[in-house]
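In what follows, a structure is listed as structure tokens, so that the remarks can point back to it.
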Amino acid sequence: MKKTERYIYPAIFTYADGQEIAVDFPDLGAATSGLNEDDALLSARELLGCVLFGLEEDGEEIPVATPLSDIKVDENERAILVDVYMPSIRMAQINRSVNRTVTLPAWLNAIALEHNVNFSQILQDALKAQLHLG
């Protein structure tokens with residue numbers, strides 16, 4: 001099944017003096033905020049990508065976006081369309097780092113620390129070699 005490349009959802013930006021701009025996605029039950037409009041839009045895109053990626057991964061139904069013209073706003077609110085390009089979001093999730101705890105002798109750890117060894121890089125290199133990933 002081909003996954004959707006781009007999603008576009010309405011978001012409501014709420015403005016209040018002395019506060020961050022609140023951003024709500026009424027179709028998704030998700031909200032974020034930003035210091036200014038640029039920051040709010042970036043936060044909205046990031047949240048939109050995370051929410052939709054999670055729904056895709058869980059095999060849940062993706063809600064239909066409400067048409068912008070159907071969104072009702074108060075005087076201190078503005079409705080805008082926010083888009084997210086999912087291939088970028090999916091690739092970022094594939095390449096994200098995870099933490100692993102490893103055990104090694106204290107003497108080896110001490111010598112490695114003296115030599116400023118990057119444990120993560122060595123482990124990655126060793127795993128790639130072990131798994132013949134080049």
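Each reported figure results from applying straightforward, stated rules to the coordinates on display, with no laboratory input. Everything numeric here is computed off the predicted structure, so don't read it as measured data. All Cβ positions, glycine included, derive from the backbone under ideal geometry; neighbour counts span all protein chains shown.
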Query raised in the report: What is the list of residues in the range 35-51 whose amide nitrogen lies under 14 Å from a point 7 angstrom out from the Cα of Val73, following Cα to Cβ?
Result: 37-38, 40-41
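Report the relative contact order of the range 6-94, percent, no decimals, based on alpha-carbon pairs under 8 angstrom and at least 6 residues apart.
Working: 142 pairs, mean separation 33.8, N = 89.
Contact order relative to length: 38 percent.
Take peptides 77-85, 44-52 and line them up by average Cβ neighbours within 10 Å, highest first, as a rough protection proxy. Write out the running numbers ahead of the final one.
On the way: 77-85: 15.7, 44-52: 20.1.
The peptides rank, most packed first, as 44-52, 77-85.
Arrange Asp39, Asp74, Asp24 by Cβ neighbour counts within 10 Å, fewest through most, would you? All intermediate terms of the calculation are to be shown ahead of the outcome.
Numbers: Asp39 15, Asp74 9, Asp24 19.
Listed from fewest to most nearby Cβ atoms, that is Asp74, Asp39, Asp24.
Mind checking which helices in the chain clear 18 Å along their axis (Cα) and have mean Kyte-Doolittle hydropathy of -0.5 or more, DSSP H runs only? Walk me through the numbers before you get to the answer.
On the way: long enough: 37-57 (30 Å, 0.42).
Long hydrophobic helices here: 37-57.
Based on the alpha carbons, how large is the Rg to Rh ratio for the range 61-130 when Rh follows Kirkwood? Let's see the in-between values first.
Numbers: Rg = 24.0 Å, Rh = 17.8 Å.
Rg/Rh: 1.35.
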**Report entry** Among Pro10, Phe53, Ile21 the positive-end extreme of the charge dipole of the chain (Cβ point charges)
**Finding:** Phe53
Query - Residues Ser33, Ser97, sorted so that the one with the fewest Cβ neighbours within 10 Å comes first - result: Ser97, Ser33
Report summary line: Which of (1) 1.17; (2) 1.53; (3) 1.12 is the computed Cα Rg over 2.2 N^0.38 Å? It is (2)
